[in-house]
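K.L.:
The structure that follows is given in the form of structure tokens.
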């Protein structure tokens, strides 16, 4: 059977690929400088050890925030370095249109690659190669997946275990390790090379098309602005066939044989519609990345070649697949090749740098962590403000309580001693009160009241003295002269001023003592609280403000840079 004309058209189109390479060395160096400058600033960040020890919760959160900043910028530098290393892979294939087939284990990747490599035109011969994890091209003799006919072999355990491919005219077909393979590094290696692709073919098995992990993988491809053709592979089944006599055909052992056939058009249509609907749910703003969705059977196509069965070949949809890829090569290869390096940088910026909150090393995740840090600091600060607001009433109550214990014992003979004793008791009790209030926020801060001695001025002024009052005293004059003058019934009143004892100034002294002590202790407490604001809360807020400013400047620099990426 002659090869399909659509096959020939595809292979002929490979000879006509016209590659336009994009040089972005200066732009890459510019972004590298932005990232490394931010990382250098992050790595030099340090925090006062005593600051982090003052409050275990906030101190731990502060350390975590600093470490997350350092880790994130370190990840950016490392990721960007790897991106540049992958550019070597592209530079090795700079004259080729790079198609990468990317999907799960046993999804039919290698089978499709084998078919395309084998069915080339007479004047084209594929050159097979593989890349190790370091991105170095290896000699073909080391490639266990290549069999004696220079084809990809499919290992049922791991499938392709390294990056491998073939060059055919202007095409580089890259076959990645299977995602979800038993060797985790294989899947990571496949993802590392994806950004180098000019075009992606994503196979999903017809046995269970587009499972949840595959949906997540396709979403990642869309986020990287990769154009994708989704192939529902293994779209075939086996069924019995009858001979001309109406009996089921048998194999060489006399048993009823089953023959490979393509799945029905109805079944294929249902699967294609399902895949299309699921993909459109995740495409959002990247609908331009959605290519064709096509059911194919490489096995049926291979069988058709052996059996010379043209219907089996056509129904396998491989000719249609070839037609779609031919159109990509002829119409889009040059523009896709030119845009891929730009898309690589844009993808790195959008996903690795800006990202979203779910990506731990993204700017948005850092901002989210910083917001949480600010909330915790503000909450602790709020509790501390309540303590400050209650300072006056708390100290008044404490002074009232202590003074009342001694007030009945105070007299003019022991006033100085008693007031001194009250001062000592107040100093202890209010020190305890202030330190207890502070320790609700800080673990290692002792309030000092030593400066109160000069503020209080001692107790010499609180002297209790008797209080006298001048009063006018009236009395009756019963003298002989008064009786002669006014008669026996005569009365006469007269007055004199006398100074009399009316009490002492004890209550006034106690009131003055309480007022003076309240004023002094409140001021001392406020001074301590302000010191805490200055030495603890303000540095925390200052740290957050500085980091937030750095992140904002970085984000603006990145956005400005991204806007300069013109193809």
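The values are calculated or read from the model by the stated rules, or taken from the named source; none is laboratory data. The structure displayed is predicted, hence computed values, not measured ones. Quick reminder, even Gly has a Cβ in these numbers, built from the backbone with ideal geometry, and neighbours come from all protein chains shown.
K.L.:
Inside the stretch 1-102, counting only helices (runs of 4 or more DSSP H) that do not spill past its ends, which hold 1 or more residues that are closer than 30 Å to residue 355 by Cβ?
P.N.:
On the way: elements: 5-15, 25-43, 49-54, 56-92.
Output list reads 25-43, 49-54, 56-92.
K.L.:
Going by the conditions given, is residue 556 modelled with pLDDT under 90, surrounded by 10 or more Cβ atoms within 10 Å (Cβ to Cβ) and not in a loop (DSSP other than H, G, I, E, B)? Quick ask: steps written out before the conclusion?
P.N.:
Working: modelled with pLDDT under 90: no; surrounded by 10 or more Cβ atoms within 10 Å (Cβ to Cβ): yes; not in a loop (DSSP other than H, G, I, E, B): yes.
Spelling it out, it is not the case that residue 556 is modelled with pLDDT under 90, surrounded by 10 or more Cβ atoms within 10 Å (Cβ to Cβ) and not in a loop (DSSP other than H, G, I, E, B).
K.L.:
Can you name the residue in the stretch 185-230 that is surrounded by fewer than 18 Cβ atoms within 10 Å (Cβ to Cβ) and under 19 Å from residue 110 (Cα atoms) and, of all such residues, is modelled with the lowest pLDDT?
P.N.:
My answer is 185.
K.L.:
Condition (residue is touching a residue at least 40 places away in the same chain (Cβ under 8 Å), surrounded by 16 or more Cβ atoms within 10 Å (Cβ to Cβ), in contact with a helix residue (DSSP H, G or I) (Cβ under 8 Å, 6 or more places away or on another chain) and farther than 30 Å from residue 234 by Cβ) applied to the stretch 105-119: is it met by at least one residue?
P.N.:
Checked against the condition, which is being touching a residue at least 40 places away in the same chain (Cβ under 8 Å), surrounded by 16 or more Cβ atoms within 10 Å (Cβ to Cβ), in contact with a helix residue (DSSP H, G or I) (Cβ under 8 Å, 6 or more places away or on another chain) and farther than 30 Å from residue 234 by Cβ, the stretch 105-119 yields no hits at all.
K.L.:
Within the set of pairs 6 or more residues apart or between chains, which connect a residue that is surrounded by fewer than 22 Cβ atoms within 10 Å (Cβ to Cβ) inside the stretch 303-325 to a residue that is modelled with pLDDT of 90 or more and not in a helix (DSSP H, G or I) with Cβ atoms less than 7 Å apart?
P.N.:
So the pair list comes out as 320/294; 324/229; 324/294.
K.L.:
Based on what the data block shows, is residue 525 more than 49 Å from the chain's Cα centre (by Cα), surrounded by 12 or more Cβ atoms within 10 Å (Cβ to Cβ) and either within 28 Å of residue 390 (Cβ to Cβ) or free of Cβ contacts under 8 Å to residues at least 12 places away in the same chain (or both)? I'd like the intermediate steps shown before the answer.
P.N.:
Numbers: more than 49 Å from the chain's Cα centre (by Cα): no; surrounded by 12 or more Cβ atoms within 10 Å (Cβ to Cβ): yes; either within 28 Å of residue 390 (Cβ to Cβ) or free of Cβ contacts under 8 Å to residues at least 12 places away in the same chain (or both): yes.
For residue 525, the condition - more than 49 Å from the chain's Cα centre (by Cα), surrounded by 12 or more Cβ atoms within 10 Å (Cβ to Cβ) and either within 28 Å of residue 390 (Cβ to Cβ) or free of Cβ contacts under 8 Å to residues at least 12 places away in the same chain (or both) - is not met.
Residue-by-condition table, conditions (1) surrounded by fewer than 17 Cβ atoms within 10 Å (Cβ to Cβ); (2) farther than 22 Å from residue 332 by Cβ; (3) under 17 Å from the mean Cα position of the chain (by Cα):
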residue	(1), (2), (3)
15	yes, no, no
23	yes, no, no
34	no, yes, no
39	no, yes, yes
48	yes, yes, no
61	no, yes, yes
66	no, yes, yes
82	yes, yes, no
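Yes or no, residue by residue, for (1) part of a loop (DSSP other than H, G, I, E, B); (2) at pLDDT 70 or above:
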residue: 433; (1), (2): no, yes
residue: 443; (1), (2): yes, yes
residue: 462; (1), (2): yes, yes
residue: 482; (1), (2): no, no
residue: 485; (1), (2): no, no
residue: 491; (1), (2): yes, no
residue: 494; (1), (2): no, no
residue: 500; (1), (2): no, yes
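K.L.:
For the stretch 238-292, name all the residues that are in contact with a helix residue (DSSP H, G or I) (Cβ under 9 Å, 6 or more places away or on another chain) and within 17 Å of residue 315 (Cβ to Cβ).
P.N.:
Selection gives 259, 260, 261, 262, 263, 265.
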